[in-house]
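Please treat every number below as a calculation from the coordinates, not as lab data. As the structure is a prediction and not an experimental result, all values here were calculated from the model. Note: ideal-geometry Cβ built from the backbone for every residue, glycine included; neighbour counts use all protein chains shown.
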Protein chains: 4
Amino acid sequence: MTKAAIAAVICGVAMMVLLTVEPAYAAAHHWVDALLWACLAFFVLEWAIRLRHAFGAGRQWAYVCSFRGFVDAASALAVPIALAAGISPRSAWLLGIFWMLKVLPGVRGLRQLRRVLVLESGPLLSVLVIFLTVLFMASVAEFYLEHDVQPAGFGSVPAAMWWAVATLTTTGYGDVVPITPLGRIIAAVVMICGLGVFGLWTGILATGFAAETRRDNFLRTWESVSKVPFFASLGPAAIADVTHMLRTIDLPARTAIIRKGQAGDCMYFISSGEVEVDLPGKKVTLGEGAFFGEMALLGNNLRSANITTTRVSQLLALDLVDFRLLMARHPDLGETIDAEAKRRVLENK
Amino acid sequence: MTKAAIAAVICGVAMMVLLTVEPAYAAAHHWVDALLWACLAFFVLEWAIRLRHAFGAGRQWAYVCSFRGFVDAASALAVPIALAAGISPRSAWLLGIFWMLKVLPGVRGLRQLRRVLVLESGPLLSVLVIFLTVLFMASVAEFYLEHDVQPAGFGSVPAAMWWAVATLTTTGYGDVVPITPLGRIIAAVVMICGLGVFGLWTGILATGFAAETRRDNFLRTWESVSKVPFFASLGPAAIADVTHMLRTIDLPARTAIIRKGQAGDCMYFISSGEVEVDLPGKKVTLGEGAFFGEMALLGNNLRSANITTTRVSQLLALDLVDFRLLMARHPDLGETIDAEAKRRVLENK
Amino acid sequence: MTKAAIAAVICGVAMMVLLTVEPAYAAAHHWVDALLWACLAFFVLEWAIRLRHAFGAGRQWAYVCSFRGFVDAASALAVPIALAAGISPRSAWLLGIFWMLKVLPGVRGLRQLRRVLVLESGPLLSVLVIFLTVLFMASVAEFYLEHDVQPAGFGSVPAAMWWAVATLTTTGYGDVVPITPLGRIIAAVVMICGLGVFGLWTGILATGFAAETRRDNFLRTWESVSKVPFFASLGPAAIADVTHMLRTIDLPARTAIIRKGQAGDCMYFISSGEVEVDLPGKKVTLGEGAFFGEMALLGNNLRSANITTTRVSQLLALDLVDFRLLMARHPDLGETIDAEAKRRVLENK
Amino acid sequence: MTKAAIAAVICGVAMMVLLTVEPAYAAAHHWVDALLWACLAFFVLEWAIRLRHAFGAGRQWAYVCSFRGFVDAASALAVPIALAAGISPRSAWLLGIFWMLKVLPGVRGLRQLRRVLVLESGPLLSVLVIFLTVLFMASVAEFYLEHDVQPAGFGSVPAAMWWAVATLTTTGYGDVVPITPLGRIIAAVVMICGLGVFGLWTGILATGFAAETRRDNFLRTWESVSKVPFFASLGPAAIADVTHMLRTIDLPARTAIIRKGQAGDCMYFISSGEVEVDLPGKKVTLGEGAFFGEMALLGNNLRSANITTTRVSQLLALDLVDFRLLMARHPDLGETIDAEAKRRVLENK
């Protein structure tokens, strides 16, 4: 998603919100209207361009039927259609809320989240069934107990369900509250069930998320590890082992990775890109496959030089903890790092 | 549970809810009454048939004493008995809430949930005791501090407990609130304890659920793994290892598993059933024990053919992550897959 | 804790609660008073007996200074002292809430809980510091923003803290609510921080609890495993391995463990006590070190006999999942179980 | 952070709070004012001293730009500047809330917490995006549905967002509540989404925290383990293994570690410092590298002597569970401990 699109979304949604604030809109309605139309124009244009691209590539149906295609269409068409249908502008522009959905496909963690929801759908649905059963039974019970004394709040089962859902989610508005002793006992049980539902939900999501995070990190790191010659000598079992220990870091150009004098607790392998080491008197560049920062793990706690990326780079970070485990399990790697570290110390003196 | 039964439950409960909504019922009371009686008739019939079956098989007591038997009986008898006892129809039909319980035995995750509750009952009960102790002590303290200034809200210990339970579960209706300074300090402590109780509850359930999910998956997958000849050469230790990596997927007939051109990140083994591979110019069927989708894991990221089930099938999915671990630990399996993949590529060219 | 003591606690606390309910007490004040005095007499007697025992064993100081000693003393003395000091009976009897604390030392999970709180005290305190910092900063900010428009609710920082604690714990009474725009934005941030504090708290407790549960189970099971001759042949590393797989179950006498015809998914080892197998025509007793239920794990899914304990027994349960892992890692154990199962089948035929 | 500084922070913040409580301030305004000025003087002095130190060491910019430097400056300058700018004293002293931030750098767990937030920032941001999307969409929908019937509560989208944030965080003030049927259905969905957001947040933090706790403990323990000669004979792989089992405990001088007669379930290694064993008739001191408490793990359940630190010491605790695993995996260590234990028993007789 381009920065222009993000700016348009933020500006559009902000204007839409402002439109509903009586005094603010009265004071600046020319600006608000102009910006709203500008954002709408931007989204219509964006949709037109994307549609044309899709037609050009023969993927028009794939695009139109995708979530992204639907959001693009709704962003471009919803407001004009509503205006054309004679709905008042203040209501019509509210449909600009579709613009907000354009941000979603750009969020990386959402894919991971969706996988968790799909894989754990079984247990999550079970909890939902429990939730609904408790909800219905509590509503019927409270309706029976309270509808004579509080016809306003518990006059029908749907009205009692409004109370039940606010209670079972522990939201507790307090606009409708049981007042008979038995009704309150049932309400107390519902609240405690609410805690339980909460706990189950969290437990399932926590379990699923932990597994997914591990999996995602492994997948991203695996490709990079095999590109680093340093690990090439390892067999596939050891590479799988090493992959679990490394963390992929993507960095733009001209970013400081290590600052001189800071305490360090990890070393880095360059899986793609290039970094520049700012040694006293000279600058050294390290390319793909090189490693640096190992001295912090070999006893010298403070970083001895500034290191910056020179272009977009991908690094693999190895934590102190995992460094030690790695050295323990693969002593030959430890010796290689040790030898290189000594060579560098000599060279820099 | 048949689809008819589910429809009857949904229709019955919906009508029961509608019955309590004054204007809706007034507008369509003929329909509502007719549907309620129809649902009741359905459940009476269902119960009669099940009872007869149980008698026929000599398991009548087992059936009558089981949860399912109790729910069936209550669904069939509760409303008629209440009506016969002279209770007003609007109240009597509320007993139709029993119908909802018929859904529960059909939810697969509930068995898993029950096991968690049984196995973790010790810690869960401890948390309940803490909950109750805090509840009682807070109620007595607030009753002492507040009952003179707020006789309506804190006039007795049970009344104070109503406040305490709403506070300790962080529901917070706000209908009764302490107003003395000391009462508010105690209330603050109760709220923080509420967070703690919540945390413990969730922690216990999360731990238990994670273990149970692993166990359940292992059990379901173990049977299938031993049926796949591909894994037959492995010793029992390796099979236990492999079982942890696979995920069982049950599919109905004529379901698309792989779509051409999509990105793939897992391969499949057929433990039962049959799939059809839609290659250009011909259709190939793969039966029990075969595997497919391996090319996505061997470097070719996009699926090269549509694959659909031809009848009810059970597949074992192997994720990219686990595929690599498996290949690392059992290189011979990797070679088998590699050889088969090459053979297929040649054949398709 | 004896059953009499539990009954006295329940009866005493119930009477104390009843004492505060105007109409109920008016109707039955003779009974309530009599029962309260009876309970008090019981606790005084209990305390006297325990004190004498402790003096007899020379452990009087250890007893008096322990939590149990303090609770016993408070249970026996608090109410009489309050009455003697001229406090009105209705208030004095409220001190009977100390009786409730007598239940706590009997709850087994509490020791486990205390260990978690001690071991995780570092992170938990950090979260508390964050909680308090947010609480104070939000209170001061809201006091500044709101005290002119709402002198009743936000008239001082302590008053604002009452709002802040109800908001940060997501209780949300709604008795005091910010109304200025900036005040509401700060309140929204506080609510979201509340979610975060909740999450951290739960995360820490969940992590700690999982570790503690594993540890507790290991400790309880280790002793039993070494008593079972079946495992005696294993080296210490394998015993540690096996211990992780088994679950200790304590059963009273005459309890059914297995019911004929049920589906089974675990086998049992007897670490102490005795069970009776109800075979057709004869009864077989199995003593310490024997195992049973193994046929369910060797393919025959339904239990073939009723098995009951004859006296207080301790069993070690081995789940189907773990049985398979065990057999895979220690094939000799598998052969022993297999041989015994075959011998039994022959014998029973 | 010195104790004087902590006292000044507590005193200063307490006085600032007191300043806002009308009656308390009226009664003791001389004291409150005096203490406030004293605290301010303390913080100004502290800042001056630290600035001078930093200048002396040539690190003035590092100090000024750090969080600590900023807080020190704000603590010293905010109140005087506000007073000088003519703000009323009651408002100006509220800026003393900056003093509270001085406590934060001293809290050890915060560093750990920050790492979790940084490492898990991806998923946490995803959840935040979901949170905001639901928030905006719910606000717009409720504004549309409710603003005609409740112009006070839902008169603009920002007003509706106030309701939405209180609902989505399950705070539920209840000051603004939807009353149209459709509005309530949407509100129910928002509440259930609130549970989901909660669950995701907790799940992510729990996962991250568990990993961070393990890492932190490993790092702290690793240094100590290598200092204990007892473990020196182990190879690096075994040391990594052992490190995972030990727990570092820092103790001040003259602290009781073991009390005679208590039940024990762990043994200790001294990584630095010294302890004194109070045997009958003599006192034995154990120095760096020694171990004690092993008898509790070798069958003798009750501690046989009091053991106290003589100076600041660091111990490594080995739990019963891990002791057994360690002995199983490294039998030679077990023999060493056994031999030493026997020698001690003989010596003490």
- line: Checked chain B against the a/c 1.5 cut and the a/b vs b/c comparison, axes a ≥ b ≥ c from its Cα gyration tensor; verdict oblate
- request: Put a label point 7 Å from Cα along the Cβ direction on B:LEU128, then list its distances to the equivalent points in the other copies in nm, shortest first.
  value: 2.8, 2.8, 4.0
message: Explain nothing, just the number: dipole magnitude of the protein assembly as shown about its Cα centre with +1 on each Lys and Arg Cβ and -1 on each Asp and Glu Cβ, in debye rounded to the nearest 20.
response: 2040 debye
task: Starting from the Cα coordinates of the stretch C:206-262, work out the convex hull volume and express it per residue in Å³.
output: 142 Å³
- prompt: Taking the Cα centre of the stretch B:187-257 as the origin and placing charges on Cβ (Lys, Arg +1; Asp, Glu -1), which of B:GLY235, B:ILE204, B:VAL189 is farthest toward the positive end of the dipole?
  reply: B:GLY235
message: To check my understanding: the extent here is largest minus smallest coordinate of the Cα atoms along each principal axis. What are those three numbers for the stretch B:182-332, in Å, largest first?
response: 83, 36, 30
query: What are the residues whose amide H is under 5 Å from the amide H of C:SER304, where those residues sit 5 or more places off or on another chain and H is modelled from the backbone?
result: C:GLY261
query: Given H placed 1.01 Å from N in the peptide plane, which residues other than close sequence neighbours of D:ILE258 have an amide H under 5 Å from its amide H?
result: D:ILE307
- prompt: Taking a quarter of the surface of the convex hull around the Cα atoms of the stretch B:57-209, what do you get in nm²?
  reply: 13.5 nm²
- prompt: Among B:THR20, B:ALA78, B:SER66, whose Cα sits farthest toward the positive end of the charge dipole of the stretch B:4-82 (+1 at Cβ of Lys/Arg, -1 at Cβ of Asp/Glu, about the Cα centre)?
  reply: B:SER66
message: Once the label point is set 7 Å along the Cα-to-beta-carbon vector, what list of distances in nm do you get between B:ASP332 and its counterparts in the other copies?
response: 2.4, 2.5, 3.5
field: Between helix C:121-146 and chain C: long-axis angle, C-alpha atoms, 0 to 90°, nearest 10
entry: 30 degrees
- line: In terms of the alpha carbon gyration tensor, root eigenvalues a ≥ b ≥ c, rounded if a/c is under 1.5 and otherwise prolate when a/b exceeds b/c or oblate, the stretch B:276-337 is prolate
query: With no solvent and one point per C-alpha, what does the Debye sum give as log10 I(q)/I(0) for the protein assembly as shown at q = 0.04, 0.07, 0.08 Å⁻¹?
result: -0.29, -0.99, -1.37
- prompt: Roughly how many whole Å is it from the C-alpha centroid of the stretch A:65-109 to that of the stretch B:108-163?
  reply: 47 Å
- line: Under 5 Å from the placed amide H of B:SER271, counting only residues 5+ away or on other chains, we find B:GLY289, B:GLN314, B:LEU315, B:LEU316
message: Positive end of the dipole of the protein assembly as shown, charges at C-beta (+1 Lys, Arg; -1 Asp, Glu), about the Cα centre: which of A:GLY106, A:GLY293, C:LEU119 has its Cα farthest in that direction?
response: A:GLY293
- line: Expressed as a whole-number percentage, the relative contact order of chain D with C-alpha contacts under 8 angstrom and at least six residues apart is 11 percent
- line: Along the stretch B:91-102, Karplus-curve 3J(HN,Hα) (6.51, -1.76, 1.60; θ = phi - 60°) to the nearest Hz, with x for Gly and Pro, reads 7, 4, 5, 4, 5, x, 4, 4, 4, 4, 5, 4
statement: For the stretch A:166-173, in residue order, the Karplus 3J(HN,Hα) values (coefficients 6.51, -1.76, 1.60; θ = phi - 60°; whole Hz; Gly and Pro = x) are 5, 7, 5, 8, 6, 6, x, 4
- prompt: Which value, in debye to the nearest 20, gives the size of the charge dipole of the stretch A:31-97 about its Cα centre, when Lys and Arg are +1 and Asp and Glu are -1 at the Cβ?
  reply: 200 debye
task: Measure nothing but the geometry: give the 0 to 90° angle between the long axis through the Cα atoms of D:22-56 and the longest principal axis through the Cα atoms of chain D, rounded to 10°.
output: 60 degrees
Dipole moment magnitude, nearest 20 debye, the stretch B:206-284 about Cα centre, only Lys, Arg, Asp, Glu C-beta charged: 220 debye
message: Output needed for the stretch D:111-180: three equivalent-ellipsoid semi-axes, defined as square roots of 5 times the C-alpha gyration tensor eigenvalues, in descending order, whole Å.
response: 32, 12, 8
- prompt: If one takes the longest principal axis of the Cα atoms in chain C, at what angle in degrees, from 0 to 90 and to the nearest 10, does the Cα axis of helix C:320-329 lie?
  reply: 60 degrees
statement: Rh_Kirkwood(the stretch D:1-65) over Cα pairs, Å, one decimal, evaluates to 13.3 Å
query: Of B:THR310, B:THR20, B:THR285, which is the most mobile in a GNM of chain B whose springs link Cα atoms less than 10 angstrom apart?
result: B:THR20
- prompt: What are the ³J(HN,Hα) values, in whole Hz, obtained from phi via the Karplus relation 6.51 cos²θ - 1.76 cosθ + 1.60 with θ = phi - 60°, for each residue of the stretch C:306-315 in sequence order, with x given for Gly and Pro?
  reply: 7, 10, 10, 6, 9, 9, 3, 9, 10, 10
- line: The local net charge around A:ALA54, scoring Lys/Arg +1 and Asp/Glu -1 for residues other than A:ALA54 whose Cβ lies under 13 Å from its Cβ, equals +2
- request: With just the Cα atoms of the stretch D:16-137, tell me how far they stretch along each of the three principal axes, in Å, largest first.
  value: 52, 47, 28
